[in-house]
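Notes for the one structure printed next.
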Amino acid sequence: MKYFIAFFLFPLLSFSEVPKKTYSEEEFAKKLHEEVSKKVESIKNKSVSELTKELLDKEEKLRLKEIELIKQQDSLKVSESDIAKRYAELAGKQKDFIGCVEKNNDESKSRIGQVVEMVSNMKPDKAASVLSVQDVEVAVQILQLIDPKKASKIFNFMDKDISAKLQKQYLLMKKQN
């Protein structure tokens, strides 16, 4: 039973808060002086060989820390150069990608220009049948570049559903431009 009570009371005693004391400057200076005096007394009591051994141990620890820091710096330099190299590669790929996108846009505009010229020279009923099977966006881009009178004749020859869809897109694109 004693052990049982001790078992439950011990944690309560060990976790109770120790009140923190606030020192004034004078008390702090006095306490600091006492601690320094204790340290000086402990040094006086030690032999020179013990002090030398402690100094050598501390120097060794500092040397090991320094070596560790140098290794970390080298690792960071390697990581930094690796990141810089990857960034340069990414920038090159981005430039290539943007170049490909611009090239595709230019080629698309060129092809649409050719189709516009071709459709402009067709009769409206033939042009309507060609544009009816095109992708909506492409057909609208072509219709935008054709003379409005010719475009209206082409719309008249198209199936009503397709014509309505294309006219709606055509009007939306006209508003955006």
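The values are calculated or read from the model by the stated rules, or taken from the named source; none is laboratory data. What you are looking at is a predicted structure, and each value in this text was computed from that prediction instead of being measured. Cβ atoms come from the backbone with ideal geometry, glycine included; neighbour counts cover every protein chain shown.
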Among residues of segment 114-127, those that are under 11 Å from Leu145 (Cβ atoms) and among the aliphatic types (A, V, I, L, M), counted:
3
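For every residue, the table says whether it meets (1) farther than 30 Å from Lys149 by Cβ; (2) at pLDDT 90 or above; (3) surrounded by 10 or more Cβ atoms within 10 Å (Cβ to Cβ).
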{"position": "Ser37", "(1), (2), (3)": "yes, no, yes"}
{"position": "Asn45", "(1), (2), (3)": "yes, no, no"}
{"position": "Val48", "(1), (2), (3)": "yes, no, no"}
{"position": "Leu64", "(1), (2), (3)": "yes, yes, yes"}
{"position": "Glu68", "(1), (2), (3)": "yes, yes, yes"}
{"position": "Lys85", "(1), (2), (3)": "yes, yes, yes"}
{"position": "Lys95", "(1), (2), (3)": "yes, yes, yes"}
{"position": "Glu107", "(1), (2), (3)": "no, yes, yes"}
{"position": "Ile112", "(1), (2), (3)": "no, no, yes"}
When restricted to Leu90, Leu64, Leu76, the only residue over 29 Å from the mean Cα position of the chain (by Cα) and in a helix (DSSP H, G or I) is Leu64
